[in-house]
1. State the percentage of accessible surface on the chain attributable to carbon and sulfur atoms; use a 1.4 Å probe and exclude ligands, DNA and RNA.
2. Residues of region 413-430 with amide nitrogen under 19 Å from the 7 Å Cα-to-Cβ point of Glu388?
3. Which lysines, if any, have their Cα less than 24 Å from the Cα of Lys407, not counting same-chain residues under 8 positions apart?
4. When you have a sec, figure out the Kirkwood radius of the chain from all distinct Cα pair distances and drop it here in Å to one decimal?
5. Could you check the spin-label model distance between Asn285 and Phe241? Points 7 Å from the Cα along Cα→Cβ, value in nm.
6. Return the lysines within reach of Lys42: Cα separation strictly under 24 angstrom, same-chain partners fewer than 8 residues apart disregarded; answer none if there are no such residues.
7. Given R₀ = 22 Å, what would the calculated FRET efficiency be for Ala349 paired with Leu437, taking r from the Cβ atoms and rounding to 0.05?
8. Would you kindly find the accessible area of Lys71, with a 1.4 Å probe and non-protein molecules such as ligands, DNA and RNA excluded, rounding to the nearest 10 Å²?
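The values are calculated or read from the model by the stated rules, or taken from the named source; none is laboratory data. Computed from a predicted structure; not experimentally measured. Positions of Cβ are generated from backbone atoms using ideal geometry, with glycine treated the same way; all protein chains shown enter the neighbour counts. With ligands, DNA and RNA removed, areas are computed over all heavy atoms of the protein, side chains included. Shrake-Rupley method; radii C 1.70, N 1.55, O 1.52, S 1.80 Å.
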Amino acid sequence: MAQRAIREYDGKAIFARHWEKYFSGFHYGFKSVLVTSGAELKAKAEEHGFEWLKQEPLVAKPDMLFGKRGKNDLVLFKTNKPGDVTLADAAAWIDEKMSHDVTLLSGQHGRLTHFVVEPFTPHTQEQEYYISATTVGEDDVLYMSAEGGMEVEEGWDEKVNEVHIPINMSDADMEHAVRANVPADIPAANKESFTSFAIAFFKFYRDLNFAYLEINPIVMLANNEMAILDLVARLDDTAGFMMGDAWCDAEYPTAFGMEDQSPEEKAVAEADAKSGASLKLTILNPLGRIWTMVAGGGASVVYADTIADLSGDVKDLANYGEYSGGPTTGETKFYADTLLDLMTRHKDAQGRDKILIIGGAIANFTDVAKTFTGIIQSFEEYADKMKEHNTRIYVRRGGPNYEKGLKDIKEAADRLGLYIEVYGPETHVTDIVRMALEK
């Protein structure tokens, strides 16, 4: 499957096109515009059907294939002055954000060019829910939570229920499986509505050939009114030939910051686009001495923050990225090869050891032993170069088959004469950073 990310605007347009077929018991008032300047937004407001831009409070945010826009202070939904965001406010904010380069918390850097503007939806946190679906191995998996918003990734195992749905499972059995796994903490008054929506959501995801589809949050209002506040979507473009206009002419934009990518970053981005897993790489400082190979997007932020805090010099951190979502052994080896090649190109200017952090939280579905096999294969090719740079390796991982994965990587490093320390989930997720920097 070749996954191609699409804009939030296009994902919502696909929902709107097919809403009555899949979600006839609910109402979704699709009001959204995609613009590239404040002037374009003002011009849009003069067109028939877009009068709401002048009449309703607005929300504006970049639509450029990156997440955590709220945490990056890139969502306009209120102003410092009393009152709601007006058309003039949104246009001025867009022009200001376009006027200079932006560096995200992830390390991605570039110029904002596309923005989505929509009506503001008043609601409470209790009305926010999380739902997503993707392919894992041979199954599709539906994820549901009674808690939506920016913090759903924290405490994922406790907050999110998952349902594995084999490709040959009947609709009746699928519906039964979904009903049996709806989060218990969804209020009774909303449980049946949420269940019906979740079943329809999964059918929509599968029929429209999405590779990944996430709404976070979906807001359930009175009278079965639904609001899609934030959406992430990737299409399986191998199905493009048969989807015709069902995908609403969705474009496949270049990821934010990719224009200035190195060949290695571009290679990883291309591998990511062709994979059902998630492979991300941003080179922060090619001369840095601390390199990370982190499993999971949330964990990558935590590790980067911890290294920056404890190292005393953020320039020591060489890269930012993740490998997650159940990558194959071959994909993991390619990712590890890329990192080790970069890490062993330059000696540390102060003669210090190079440090490789292989970290992560407790995997949900990634087979740790399988991915570690790919890392071990990479070690075997780069062992001599790693020893030339006095590389010290620190590993912390949990999840399916983690005991075998940790045992295998320790034995391989010892056999190759590489310095390694290995820890499981009994060790705090970032303790290996402290250990590495204190030694």
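1. Values: 9660 of 19420 Å².
In the chain, the share of accessible area belonging to carbon and sulfur is 50 percent.
2. Those under the cut-off are 416-419.
3. By straight Cα distance, Lys407 reaches Lys333, Lys354, Lys370, Lys385, Lys387, Lys439.
4. Working: mean 1/r = 0.0430 Å⁻¹.
It is 23.3 Å.
5. Going by the 7 Å Cα→Cβ label model, 5.0 nm.
6. Lys12, Lys31, Lys54, Lys61, Lys78, Lys81, Lys97
7. 0.80
8. Accessible surface of Lys71 is approximately 90 Å².
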